[in-house]
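The values are calculated or read from the model by the stated rules, or taken from the named source; none is laboratory data. Computed from a predicted model, the values in this text were never measured in an experiment. For the accessible areas, the whole protein counts, side chains as well, though only heavy atoms, and no ligand, DNA or RNA atoms are used. Shrake-Rupley method; radii C 1.70, N 1.55, O 1.52, S 1.80 Å.
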Amino acid sequence: MTVLDAQLAPRKVPQQQRAQFTVDCILRAAESIIMKSGYDAANTNHIAEVAGVSIGSLYQYFSSKEAIAAALVENAVINASEVLRDCLIENMAKPLEDSAQAIIETILETRKQYSFIFLRLPREVPKLGRLSRTVTTEKFLYHTIRAYYQQHRSEIKVDDLEVAMFVSEHIIVGSIDAYLENNSPAITDDQLVQQLSDAFVKYLTK
């Protein structure tokens, strides 16, 4: 573990329901404060006050507000990964063209649901930059994603599946993030999903 990792890691993992409730309150309070007033406003005393816990209780679990922010990122990635894993498994046996739209719709919905954490928070907390690049849904789901590509190996014309996965991920996630950041033409969710589905299938099969 690097020094940076140690600074961002939780001090203590909750083992009991009451402890988990305390941690959940701290994380919800931190997210609420940051969303409303910005990261600079989220000092640990303010977070503890909004969470309804003592500052001592907060420091039992987190060494700093950066560690709290890191926990928000990790929780969002885990929650989004669970949704995406279910979608991938549900669509595993369908033809590539039939499954692509459902999967990309799910990616869009999870990126939209957690856009604050995936897009805004890393900009406000420089220390989270590396964490956000290493703790991703794609890394959490690597084996499930690869199984999906293997399942469609006969349809995929790209020789190297690792290359296919890398390029497809950046086409889809990069485009969705640009869309959510308003760096895109005036299009709807449905149009974006359809265009990305077409691009994804054509890239893999042509």
| task | Mind sorting out which of [x] 1.93; [y] 1.15; [z] 0.98 is the real Cα Rg over 2.2 N^0.38 Å computed from the coordinates? | result | [y]
| said: Give me, ordered by chain and number, the residues 5 or more places off residue 62 or on other chains with an amide H under 5 Å from its own placed amide H. | reply: 11
| task | Please work out the C-alpha center-to-center distance from the stretch 13-42 to the stretch 124-202 and express it in whole Å. | result | 29 Å
| request: Along each of the three principal axes of the Cα atoms of the stretch 90-206, give the extent in whole Å, ordering the values from largest to smallest. | output: 44, 31, 24
| note | Quotient of Cα radius of gyration and Kirkwood radius for the stretch 67-145, i.e. Rg/Rh, equals 1.03
| task | Can you work out the accessible area per residue across the stretch 42-107, with the rest of the protein chains kept in place, probe 1.4 Å, in square angstrom? | result | 43 Å²
| task | Enter the accessible area of residue 140 (Å², nearest 10), with the probe set to 1.4 Å and all protein chains included. | result | 100 Å²
| query | Under the rule of -39500 (n - 2.57) per DSSP H run of 4 or more residues, summed and divided by the residues of the chain, what mean residue ellipticity at 222 nm is obtained, to the nearest 500 deg cm²/dmol? | reply | -22500 deg cm²/dmol
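Average the reciprocal distances over every distinct pair of alpha-carbons in the stretch 20-126, invert the result, and give the Kirkwood radius in Å. Could the numbers behind the result be given before it?
Values: mean 1/r = 0.0657 Å⁻¹.
Averaging 1/r across every pair of different Cα atoms and inverting gives 15.2 Å.
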